[in-house]
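The values are calculated or read from the model by the stated rules, or taken from the named source; none is laboratory data. The model shown is predicted, which means the values in this text are computed figures rather than measured ones. Reconstructed Cβ throughout: ideal geometry from the backbone, glycine too, with neighbour counts over all protein chains shown.
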Amino acid sequence: MSIIFSDLKVFIGGPIQHALKLKALDNHLQVHLKSAIHQLESLGAEVFSAHRTEQFGETTHLFTPEEVSQRDRQWMEQCDIFVAILPVCPQQKKLIRTDGTHIELGWASALKRPIILVTEKPFDDSASHLLKGLSIIAQVHHIPLNDFTHDPAILSHTIQSIAEKQSITEKQAITETTSIVEKETIPTSSAVA
C-alpha cells in the first residue's frame with residue numbers, strides 16, 4: 001500500500017441512468033468503472049462510487065433523487081479527487097448523456113477538488129463547451145480513455161502526481177505561514193525590557 005493512497009478519498013463518477021440497458025450498466029462502462037475502483041482500492045485509497053453502491057444499475061431504481069443528491073454531494077465534500085469516466089456510446093458516436101456527472105463536475109470545481117477526466121482526447125464533438133473549457137477554471141487532468149483501457153495504472157500515476165504536487169504546495173504554504181508568524185512573534189528589544 002502506498003502512503004499517498006492510504007489517506008486518499010476518491011469519488012468516481014460517470015453515466016448511470018442513460019447508460020442502463022435493461023437494468024444493467026453498459027458493459028464497457030462497467031469494465032472501466034470496476035477497473036478504476038480496483039486499481040485505487042488495491043493501493044489503499046477509499047473510493048466513493050454510486051455505480052457500486054447501486055450495484056452497477058441493478059438497484060438504481062431503489063434510490064430516490066433526494067437520496068442520490070445528498071449522498072453524492074456528501075461524497076464530493078469528503079473526497080480529495082474527483083474522477084469522471086465519460087465514454088462515447090459506440091452506436092450513437094457521442095458521449096453517453098450524464099446529467100449527474102456534469103453536476104458533480106460543477107461541485108468539484110466549486111469545491112476546488114482536482115478533477116480527472118477519463119474520456120476521448122481530444123474531446124468528442126458532442127462534449128459541451130463547459131466541459132471542454134473546464135480546465136480554464138478548475139484543476140483538470142485528462143486521461144485518454146484508450147490509454148486507460150490499455151493501462152489502468154495510468155489513473156493511479158496521475159493521482160499520485162496530483163497528490164505529490166499538492167503536498168509540495170501545502171508544505172510551501174505551511175513554511176510561508178510559519179515564517180510570517182515567527183516574524184510577528186519575535187520580541188523586540190523594547191518588549192524584552
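Some values worked out for this structure:
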| read-out | value |
| --- | --- |
| Conditions (1) surrounded by 13 or more Cβ atoms within 10 Å (Cβ to Cβ); (2) modelled with pLDDT under 90: number failed by Thr175 | (1) |
| Number of positions in region 83-113 that are buried (at least 16 other Cβ atoms within 10 Å of the Cβ) and farther than 18 Å from Leu145 by Cα | 6 |
| Test result for His142, surrounded by fewer than 19 Cβ atoms within 10 Å (Cβ to Cβ), without any contact (Cβ under 8 Å) to a residue 12 or more places away in the chain, within 22 Å of Phe5 (Cβ to Cβ) and under 15 Å from the mean Cα position of the chain (by Cα) | no |
| Where a residue in region 62-79 is more than 13 Å from Glu104 (Cβ to Cβ) and its partner, wherever it lies, is part of a helix (DSSP H, G or I) and not β-branched (Val, Ile, Thr), with Cβ under 9 Å and at least six apart | Phe63/Ala50; Phe63/Arg71 |
| Residue in region 34-55 that is without any contact (Cβ under 8 Å) to a residue 60 or more places away in the chain, on the phi > 0 side of the Ramachandran plot and touching a Phe, Trp or Tyr at 6+ places or on another chain (Cβ under 8 Å) present | yes |
| Per-region count, region 51-62, residues surrounded by 15 or more Cβ atoms within 10 Å (Cβ to Cβ) and not acidic (Asp, Glu) | 5 |
| Any helices (runs of 4 or more DSSP H) falling wholly within region 1-74 and containing at least 2 residues that are in contact with a Lys or Arg (Cβ under 9 Å, 6 or more places away or on another chain) and either at pLDDT 95 or above or over 23 Å from Lys112 (Cα atoms) (or both) | 27-41, 50-53 |
| Output for region 114-139, where each listed residue is under 22 Å from Ile154 (Cβ atoms), exposed (fewer than 15 other Cβ atoms within 10 Å of the Cβ) and hydroxyl-bearing (Ser, Thr, Tyr) | Ser135 |
